[in-house]
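All remarks here apply to the structure that follows.
Bear in mind that the values in this text are calculations on the coordinates, not laboratory data. Here the structure is a predicted model, which is why all the values come from computation and not from measurement. For neighbour counting, all protein chains shown are included, and Cβ atoms are generated from backbone atoms with ideal geometry for every residue, glycine included.
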Amino acid sequence: MAEKPKVVIVRARGVASGSKPAAARLQAMIIKGLCLLCSQNEPKEAVARIFSPSDRVGIKINTIAGSRLSTPPELALALTSVLNLGGIPERNMIIWDRTNRELKEAGYPLQTSRDKLKIFGTDSAGAGYEQELYSFRNIGSLFSTILTNFVTASISLAVLKNHGLAGITAGMKNYFGAIHNPNKYHDNHCDPFVAELCLCPPVKSRHRLTILDALLVQFHKGPSFHPSWAARYEGLIFGLDPVATDTVGWKIIEKLRAEKGLPSLKEEGRPPAYLETARSLGLGENDPERIQIIEEEV
Amino acid sequence: MKRRDFLKATGCLGLSLGCRELLASSLPPLDLIQPNLSRVEARHYEKLPDREIKCTLCPRYCHLGDKERGYCGVRENDGGTYYTLVYGKVCAVHVDPIEKKPFFHFLPGTQAFSLATAGCNVNCRFCQNWQISQVRPEQVEAYDLPPDEVALAARRNKCASIAYTYTEPVVFFEYMIDSSLASRKLGLKNVVVTGGHINLEPLEELIKAVDAIKVDLKSFSEVFYKEYVRGELKPVLEAIKLIHQRKMWLEIVYLVIPTLNDQESMIRQLCRWLIKEIGPDVPLHFSRFHPMYLLKNLPPTPVSTLEKLHSIARDEGLRYVYIGNVPGHRAESTYCPFCGQLIIERVGYQVGRVELKNGRCRFCNAPIPGIWS
């Protein structure tokens, strides 16, 4: 019988209570999460289980919602420092999203120095989208050249949020930001588009790790910040199985909704159907009973 | 390129997706592309609680949270107000023969000042202009051309009309309406080339501002619309009926795609519906498909298929049936349905003899429907 995919939840009380999360505590959370995920004692070994030193690692963040509900720069930078501990040179890492405007609004300093960590969007001159359409099942898109030309190993560092159509937006839907036409994939609750995009070779061949930013979870409304329905969950969720990781994220959103007396996503007619499609396509596990969940506090 | 140079240029679509340097070996300097977006409040939407909106422009009724864009990719909710990002931001502009739209019963032999912004509210797998229609406005180079300047540029280029075309004009509704009203003041006419995926209320507004509408009817099957268009047939048929009821000049184009929408029985149904709802005088153009975009696994439409469908439509009683994208074909020309004489000769987009006098056949004096002057 196949081993259950592992998903690690690391929480740190008070980490998100200030105006900005504390970098040192975030780093400790990431180290704990990766070590538990990879069953290693040291971050270096954990990173080495996922990446090789020659990898060029892309950290796809989510900055659509401005400074109050995007992947915080402190988190993305803490992740790069942990990867660096694991032997990935800074010059071989890029933090990226669709546009420089959104990156800047979320507080990221844009950087393109050849020998340092890079932070920029697909709309930078010299980047852009591929010129050839990628046609695959229901997907017909141009992929970001950041993903296709630079990145050899991808991390989806996504904000965990409610989504009015898909049910939730998490690690898998984050790759909508890697194509030129995500607006075309919101029909039918984004299904089968989310799953099929993640099955596309440009994504599937590179995706190695999902980390869900659940420091502040928008469990209702979104994708912009609505404080009435945002909870300080103060957690990060780690998984090598993208479907299992999103499934755990979904259950956290459902729990937060239930605590506030909100109907479940199923009752609202928008359970994240893409997860079952993803399972059927062999992308991972969506049955919570078949997922090994490890919870830890730091 | 300055705007003046751009307006002079008529030869290529204004597509630019940025330069391509490999990131792997050498990173470029950070030279940001500044997107040229408008921020004009959109018409036809409803404000909802919690900074959400519902777009009522087209049958999709996109329900959007703050910061989200509609399916068209060119209309964005920002803080509970809906904005068009492409007002006056043209990505393609050409001076074309009106026959290229095609309009065959509308000022034949004249030029149309033709323009588009980025965006479309459907996603046809056979789109012929996907490089500008299936992209976001940031992904194409756009130039500022406010409505007043559209009219002036059209007049300067000796055009009889403005054509809103190439992409889907419904998505740049506000710009199209304002440009039409501005150009009317200069005596110019306005024509729209659309998929007809628009709600009836905005369509009423559009009809008041323009002079002719050509609808690209993609099929007569809901299944086809769902699978290959990502839209719906029913609202398109409703739009066609309203355009006719309001006595707006209407022509229909049907792109014939081998094996997908070329069934003879379906074409008969379509023709019967047109005759019943619109009448026998609506021009119907059967246009030849060429492999494109996401539908490259099919051959171009055999001319024999187009001729067969042309014959069916004539048999069913439609009087003005044409074959398009087959330059030099006999069915590009107009024949009087009463005496059979050639009354408008066409080869490709060129118009030859015109045997009309005051909108009537010069040979038998039968009225020929259209806008001729």
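Note on chain A: antiparallel DSSP beta bridges, both residues inside, total approximately 45 percent of the bridges counted.
Ranking B:TYR61, B:TYR320, A:TYR134, A:TYR274 by Cβ neighbours within 10 Å, fewest first, what do you get?
B:TYR61, A:TYR134, B:TYR320, A:TYR274
How high is the relative contact order of segment A:109-187, in percent, counting Cα pairs under 8 Å that sit 6 or more residues apart? Relative contact order, segment A:109-187: 21 percent. Working from Cα pairs under 8 Å separated by at least six residues, relative contact order for chain A is 24 percent.
Taking Rh as the Kirkwood radius, which is the inverse of the mean 1/r over Cα pairs, what is the Rg/Rh value for the protein assembly as shown?
Working: Rg = 27.6 Å, Rh = 26.8 Å.
With Rg and the Kirkwood Rh in hand, the quotient comes to 1.03.
Taking B:GLY195, B:GLY88, B:GLY65 in turn, the Gaussian network model of chain B (Cα-Cα springs below 10 Å) assigns the largest fluctuation to B:GLY65. Pairwise alpha-carbon distances in segment A:158-253 exceed 19 Å for 38% of all pairs. Placing unit charges on the Cβ atoms only, positive for Lys and Arg and negative for Asp and Glu, gives segment A:22-100 a dipole magnitude near 140 debye about its Cα centre.
With contacts taken as Cα pairs under 8 Å and at least 6 residues apart, segment B:187-239 reaches a relative contact order of 44 percent.
Within the set of other residues whose C-beta is less than 10 Å from the C-beta of A:VAL8, count the net charge using Lys and Arg as +1 and Asp and Glu as -1.
It works out to a net charge of 0.
Label-to-label distance, B:ARG184 versus A:PHE136, with points set 7 angstrom from Cα along the beta-carbon direction: 5.0 nm.
By counting other Cβ atoms within 10 Å of each Cβ, how are B:VAL171, A:VAL15, A:VAL159, B:VAL40 ranked from fewest to most?
Numbers: B:VAL171 32, A:VAL15 23, A:VAL159 27, B:VAL40 16.
Ascending number of Cβ neighbours within 10 Å: B:VAL40, A:VAL15, A:VAL159, B:VAL171.
The C-alpha atoms of chain B define a longest principal axis, and helix B:234-245 lies at about 60 degrees to it. Just name one of A:GLY235, A:SER141, A:TYR129: the one whose Cα is farthest towards the positive end of the charge dipole of segment A:129-263 (beta-carbon charges, Lys/Arg +1, Asp/Glu -1). The Cα lying farthest towards the positive end belongs to A:GLY235. Using only side-chain charges placed at the Cβ, +1 for Lys and Arg and -1 for Asp and Glu, the dipole size of chain A relative to its Cα centre rounds to 500 debye.
About its Cα centre, the protein assembly as shown has a charge dipole of approximately 1120 debye under the convention of +1 per Lys or Arg Cβ and -1 per Asp or Glu Cβ, with nothing else charged. A Förster radius of 60 Å combined with the Cβ-Cβ distance from B:ASP315 to B:GLU41 puts the calculated FRET efficiency at roughly 0.75.
Is there a pair in A:LYS104/A:LYS260; A:LYS6/B:LYS67; B:LYS101/B:LYS276 whose C-alpha atoms are over 31 Å apart, and which pairs would that be?
Details: A:LYS104/A:LYS260 33 Å; A:LYS6/B:LYS67 34 Å; B:LYS101/B:LYS276 25 Å.
Where the Cα-Cα span goes over 31 Å, the pairs concerned are A:LYS104/A:LYS260; A:LYS6/B:LYS67.
FRET efficiency for B:GLN128 and A:GLU297, Cβ-Cβ distance as r, R0 = 60 Å, nearest 0.05?
On the way: r = 58 Å, r/R0 = 0.96.
E between B:GLN128 and A:GLU297, to the nearest 0.05, is 0.55.
Once you put a point 7 Å from the Cα of B:GLU277 and another 7 Å from the Cα of A:ASP287, both along the Cβ direction, what distance in nm separates them? The answer from the label model is 4.8 nm.
Residue by residue through B:47-57, how many Cβ atoms from other chains fall within 10 Å of the Cβ on average?
On the way: counts 0, 0, 1, 7, 3, 3, 0, 0, 0, 0, 0.
For this peptide, the per-residue mean of nearby foreign Cβ atoms is 1.
What's the ranking of B:331-337, B:71-77 by average number of surrounding C-beta atoms within 10 Å, highest first?
On the way: B:331-337: 20.6, B:71-77: 27.0.
Ranked by mean Cβ neighbours within 10 Å, highest first: B:71-77, B:331-337.
Entry note: chain B has Rg to Rh equal to 0.97, where both radii use alpha-carbon atoms and Rh is the Kirkwood radius.
Computed over the Cα atoms of chain A, the ratio of the radius of gyration to the Kirkwood radius (Rg/Rh) comes to 0.93. Mean residue ellipticity at 222 nm, helices only, chain B: -6500 deg cm²/dmol; runs of at least 4 DSSP H residues each add -39,500 (n - 2.57), and the sum is divided by the number of residues. A simple count of charges around A:PHE51, restricted to other residues whose Cβ falls under 14 Å of its Cβ and scoring Lys, Arg +1 and Asp, Glu -1, yields +2. Ordering B:PHE103, B:PHE173, B:PHE224 by the number of other Cβ atoms within 10 Å of each residue's own Cβ, fewest first, gives B:PHE224, B:PHE173, B:PHE103.
How big is the antiparallel share of DSSP beta bridges in chain B, given as a percent to the nearest 5? Roughly 55 percent of the beta bridges in chain B run antiparallel, per DSSP. Across peptide A:126-134, the mean count of Cβ atoms from other chains lying within 10 Å of each residue's own Cβ comes to 5.
Peptide B:62-75 has a mean shielding of 5, counted as Cβ atoms of other protein chains within 10 Å of each residue's Cβ. Only bridges with both residues in the protein assembly as shown count here: give the DSSP antiparallel percent, nearest 5. Given both bridge residues lie in the protein assembly as shown, the antiparallel proportion sits at roughly 50 percent. With K and R counted +1 and D and E -1, the other residues having a Cβ less than 13 Å from that of B:GLY352 yield a net charge of -1. In chain A, helical runs assigned H by DSSP with n ≥ 4 each contribute -39500 (n - 2.57); averaged across all residues and rounded to the nearest 500, the mean residue ellipticity at 222 nm is -7500 deg cm²/dmol.
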